[in-house]
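The values are calculated or read from the model by the stated rules, or taken from the named source; none is laboratory data. A quick note: this is a predicted structure, and the numbers were derived from the prediction, not measured. So basically every Cβ, Gly included, is an ideal-geometry build from the backbone, and we count neighbours across all protein chains shown. To get the accessible areas, we keep the full protein, side chains included, count just its heavy atoms, and leave off ligands, DNA and RNA. Shrake-Rupley method; radii C 1.70, N 1.55, O 1.52, S 1.80 Å.
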Amino acid sequence: MTAPTAGSNEKLIDAKLFWRALGQRAIGSTIVTARSADGPAGFLGLSASHVSADPPLMLVSIDKRTSALTTVLAAGHFAINFLPQDADAIADLFGGKGPLKGAARFEAGAWTALTTGAPVLKNAVGAMDCKLEEMIERHGICIVIGRVVDVLIGNGGSPLVHFRGGYLP
């Protein structure tokens, strides 16, 4: 793939414009978690999505600078926790806002585990527990694809929706 050149009809889209345009999309907020021998790790994952239902596959993009990436790769699994509407504080915490870092973030909320051992938020709207199948590296990002090996179906509450840098009421 080559970059647009002067005189082409393609626009050069810088990161600031890209994130501004992407912010116009409403998306469910997730916390992606894993647990290795060194303990639990997690991050706010706004790029989590399904790949297919047969076989059941999920993907999430992880910046290579994200400390939790090491745990995901070492553990060979990850869980995608779909956050409930009242979970904005824990979403911000796992998004890097606040004083807690690393495993200390798991002091907030009540956690359990499903098949892989990845932490699952007990009051999540839902969760997908995945065994890591593939990693694709592109431009400083790792796209991890996992086979869903277990699920949590919550009690029917509303999700936390991220929109324009904040959360919908």
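Annotations for the structure displayed:
- Filter result for ALA15 (over 23 Å from PRO159 (Cβ atoms), small (Gly, Ala, Ser) and surrounded by fewer than 21 Cβ atoms within 10 Å (Cβ to Cβ)): yes
- Exactly one residue out of ALA127, ALA110 is touching a strand residue (DSSP E or B) at 6+ places or on another chain (Cβ under 9 Å) and under 25 Å from SER52 (Cβ atoms): that is ALA127.
- Filter result for ALA124 (modelled with pLDDT of 95 or more, under 19 Å from VAL60 (Cβ atoms) and surrounded by 17 or more Cβ atoms within 10 Å (Cβ to Cβ)): yes
- Restricting the stretch 116-131 to residues that are of a type in the set (Gly, Ala, Ser) and in contact (Cβ under 8 Å) with a residue 60 or more places away in the chain, the residue that is farthest from LEU22 (Cα to Cα) is GLY117.
- Scanning the stretch 82-108 for residues that are open to solvent by 20 Å² or more (accessible area, probe 1.4 Å), in a loop (DSSP other than H, G, I, E, B) and within 14 Å of THR30 (Cα to Cα) turns up GLN85, ASP86, GLY95, GLY96.
- Some residue of the stretch 130-139 being in contact with a Ser or Thr (Cβ under 6 Å, 6 or more places away or on another chain) and closer than 30 Å to ALA15 by Cβ: no
- Residue in the stretch 36-58 that is crowded, with 23+ Cβ neighbours inside 10 Å and touching a Lys or Arg at 6+ places or on another chain (Cβ under 6 Å) present: no
- Only one of the listed residues (THR115, THR70) is open to solvent by 70 Å² or more (accessible area, probe 1.4 Å), in a loop (DSSP other than H, G, I, E, B) and at pLDDT 95 or above. That residue is THR115.
- Within the stretch 132-157, if we keep just the residues that are of a type in the set (Asp, Glu) and free of Cβ contacts under 8 Å to residues at least 60 places away in the same chain, the residue that is least open to solvent (accessible area, probe 1.4 Å) turns out to be ASP150.
- Condition check for GLY76: modelled with pLDDT under 95, in contact with a strand residue (DSSP E or B) (Cβ under 9 Å, 6 or more places away or on another chain) and not aromatic (Phe, Trp, Tyr): no
- Residue within the stretch 151-165 that is more than 26 Å from ARG25 (Cβ to Cβ) and in contact with a Cys (Cβ under 9 Å, 6 or more places away or on another chain) present: no
- Whichever residue in the stretch 18-35 is among the hydrophobic types (A, V, I, L, M, F, W, C) and modelled with pLDDT under 95 and, among such residues, is most open to solvent (accessible area, probe 1.4 Å): TRP19
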